[in-house]
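Data first, discussion second: the structure below is written as structure tokens.
Derivation of every value follows stated rules applied to the coordinates shown; laboratory data play no part. Note that the coordinates shown come from a computational prediction; the quantities given were computed from them, not determined experimentally. Heads up, the Cβs are rebuilt from the backbone with ideal geometry, glycines too, and the neighbour counts pull from every protein chain shown.
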Amino acid sequence: MREEFLKIKSRVNLKPCPYCGCENELWQHEQSVGYVRKVVMCSNNGDEDNFIEPCPMHMPPEGFYMATKREAVKIANTRSNLELEELADRAAVFYDDIITQIGSLCIQDFQNLNELGILLTKHKKK
């Protein structure tokens, strides 16, 4: 599946990101041939070298992708900090759930590998 983002020049004044205060940018997103949407994204993409996470609105949730520039700009310029805090809270809960599940799987895998190692050791001794 091909997915492509293209930055669009806009004459419309975009308000700064209400989440982090950085500059917002208008982008075109093409997920497949003929399926093109517009989205306003925060320019704050973090800094991997210094372990700084990007703004959550650098890659906004699905609900921010619109059919037209006008709709994308309107939703970006009217979204509130409260809405973004709610999205961040939902993302944090999701993240916590996933990390817990992954941790449980890793512990189980470690136990399984440990048991396998014990069995192999016993088998070698025979």
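With the condition kept exactly as written, say whether any residue in region 61-83 is surrounded by fewer than 10 Cβ atoms within 10 Å (Cβ to Cβ), of a type in the set (Phe, Trp, Tyr) and not in a helix (DSSP H, G or I). No: zero hits.
Of the residues that make up region 30-45, is at least one in contact (Cβ under 8 Å) with a residue 60 or more places away in the chain and surrounded by 11 or more Cβ atoms within 10 Å (Cβ to Cβ)?
Of region 30-45, the ones in contact (Cβ under 8 Å) with a residue 60 or more places away in the chain are none.
No, because not a single residue in region 30-45 is in contact (Cβ under 8 Å) with a residue 60 or more places away in the chain and surrounded by 11 or more Cβ atoms within 10 Å (Cβ to Cβ).
If we keep just the residues of region 3-20 that are in a loop (DSSP other than H, G, I, E, B) and under 18 Å from the mean Cα position of the chain (by Cα), which is surrounded by the fewest Cβ atoms within 10 Å (Cβ to Cβ)? Give the steps one after another, and end with the answer.
Of the residues in region 3-20, the ones in a loop (DSSP other than H, G, I, E, B) are 3, 9-20.
Pick out the ones that are also under 18 Å from the mean Cα position of the chain (by Cα) and you get 3, 17-20.
On the way: GLU3: 9, CYS17: 24, PRO18: 19, TYR19: 20, CYS20: 15.
Taking the candidates together, the pick is GLU3.
Only a single criterion out of (1) surrounded by 11 or more Cβ atoms within 10 Å (Cβ to Cβ); (2) not in a loop (DSSP other than H, G, I, E, B) is not satisfied by ASP49, namely (1).
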